[in-house]
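First the structure, in the form of structure tokens, and then the observations on it.
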Amino acid sequence: MSTLSDMEIFARVVTAGSLSAAGRELDLSPAVVSKRLKRLEDRLGTRLLQRTTRQIALTEAGRGFHDRVVQILASIDEAESFVSRRSDVARGTLKVSAPTTFGRLHIAPYLGAFHAANPGLTVNLVLSDEFVDLVKDGIDVSIRIAELTDSSLVARRLAPNHRLLCATPAYLAEHGTPKTIAELSRHTLLATASQDPWRLEGPDGPATVHVEGRLRTNSNEVVREAVLAGLGIAFRSTWDVGPELREGRLVVVLPAYRASRHVAVHAVYPSRRFLAAKVRLFIDHLARLYGEHPHWDQGLEPILAPTKAP
């Protein structure tokens with residue numbers, strides 16, 4: 001087979017995490033996969049992977065080679081689609097990363113329709129609240145909820161993100177409702193380590209709140225459950241706690257303070273020159289689902305209306 005096929009096998013091994021897992025995905029035996037990798041390494045004159053039967057690790061040369069192979073394969077896929085005039089046909093595997101809760105609530109439930117429209121495509125959905133390096137991890141498209149500043153990536157805005165301070169009525173009845181930003185220091189604040197500090201925008205401009213609570217976790221879902229249990233005040237997005245806000249299980253605290261208006265839900269991908277059909281179709285699918293007035297904000301208009309501080 002061609003050198004390109006060896007490159008594809010190498011990229012799949014890195015993505016799958018082992019020779020046996022890649023072999024199952026490609027319908028090849030681990031022995032064949034190992035032989036093809038050795039052939040590629042012999043041709044290049046360097047070792048790309050340190051490997052055993054159960055796990056692999058990229059060498060320094062392997063990391064650099066993988067970064068470039070991912071881009072090459074995406075470009076070839078796009079070129080083939082262009083020549084065959086099949087730019088609207090998605091095929092192969094699409095690797096998507098997203099925040100854990102957002103992926104569970106607002107991507108996974110809508111994959112059925114996407115699969116039905118693109119039967120030749122397999123979606124590998126990776127959910128994590130940690131930073132993901134698109135090129136290093138072989139990610140085709142990442143959903144990021146942030147104020148993006150990395151100009152090396154291409155981003156498409158999919159939806160606004162309204163993030164508010166909130167707590168249960170029971171918590172506020174017991175501990176009082178803060179009237180100023182300064183009063184937050186007397187309350188239990190709930191956040192992951194990566195969310196400290198809170199960066200707010202209010203009537204007097206930006207405000208920063210450092211979170212020092214009794215709960216420490218790396219999980220956004222734990223923070224969500226903690227605020228619903230009445231353990232403190234959290235800084236949550238409406239896509240996450242919209243139903244609870246509508247039902248009154250949570251109420252907004254300091255409504256004049258919100259997250260930066262520049263924070264939004266974005267689809268991010270690494271290539272500026274080529275956009276593979278599978279990536280474009282997936283991004284278009286999410287854009288149709290969300291938009292500037294996403295379904296998770298329905299019924300929250302009174303809460304989201306601009307508010308002045310008392």
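The values are calculated or read from the model by the stated rules, or taken from the named source; none is laboratory data. Bear in mind that the values here come from a model prediction, so they are computed numbers and not experimental data. Ideal geometry is used to build each Cβ from the backbone, glycine not excepted, and the neighbour counts take in all protein chains shown.
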Lone qualifier among Ala98, Ala90 - being at pLDDT 95 or above, surrounded by 15 or more Cβ atoms within 10 Å (Cβ to Cβ) and either closer than 28 Å to Phe10 by Cα or not assigned by TED's automatic domain parsing to the domain that holds Tyr269 (or both): Ala98
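Give, as residue ranges, the strands (runs of 3 or more DSSP E) completely inside the range 164-274 that count at least 3 residues that are over 16 Å from Ile145 (Cα atoms) and not β-branched (Val, Ile, Thr).
Values: elements: 198-202, 205-209, 233-237, 251-259, 264-269.
Ranges flagged: 205-209, 251-259.
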Subset of the range 101-125 [buried (at least 16 other Cβ atoms within 10 Å of the Cβ) and farther than 19 Å from Ala287 by Cβ]: Thr101
Any hit, the range 214-222, residues being in contact with a strand residue (DSSP E or B) (Cβ under 8 Å, 6 or more places away or on another chain), on the phi < 0 side of the Ramachandran plot and at pLDDT below 95: yes
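Which one is surrounded by the fewest Cβ atoms within 10 Å (Cβ to Cβ) among residues in the range 250-304 that are of a type in the set (Phe, Trp, Tyr) and within 28 Å of Phe114 (Cβ to Cβ)? Full working, then the answer.
Let us first name the residues in the range 250-304 that are of a type in the set (Phe, Trp, Tyr), namely 257, 269, 274, 282, 290, 296.
Subset that is within 28 Å of Phe114 (Cβ to Cβ): 269, 274, 282, 290, 296.
On the way: Tyr269: 22, Phe274: 16, Phe282: 25, Tyr290: 21, Trp296: 19.
Among them, the one singled out is Phe274.
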Count - residues of the range 132-175 that are touching a Lys or Arg at 6+ places or on another chain (Cβ under 8 Å) and hydroxyl-bearing (Ser, Thr, Tyr): 1
Any pair with Cβ under 7 angstrom, 6 or more apart, that starts in the range 116-128 at a residue that is assigned by TED's automatic domain parsing to the domain that holds Gly138 and ends at one that is assigned to a loop (DSSP other than H, G, I, E, B): Asn118/Ala90; Gly120/Val89; Gly120/Ala90; Gly120/Arg91; Leu121/Ala90; Leu121/Arg91; Leu125/Ile107
Among residues of the range 230-243, those that are surrounded by fewer than 20 Cβ atoms within 10 Å (Cβ to Cβ) and free of Cβ contacts under 8 Å to residues at least 60 places away in the same chain, counted: 1
Total residues in the range 4-52, condition exposed (fewer than 15 other Cβ atoms within 10 Å of the Cβ), closer than 16 Å to Val69 by Cβ and polar (S, T, N, Q): 2
Out of Ala146, Ala207, sole residue that is touching a residue at least 12 places away in the same chain (Cβ under 8 Å) and either under 20 Å from Val222 (Cα atoms) or not assigned by TED's automatic domain parsing to the domain that holds Leu228 (or both): Ala146
Filter result for Leu158 (in contact with a helix residue (DSSP H, G or I) (Cβ under 8 Å, 6 or more places away or on another chain), over 30 Å from Gly17 (Cα atoms) and either hydrophobic (A, V, I, L, M, F, W, C) or in a loop (DSSP other than H, G, I, E, B) (or both)): yes
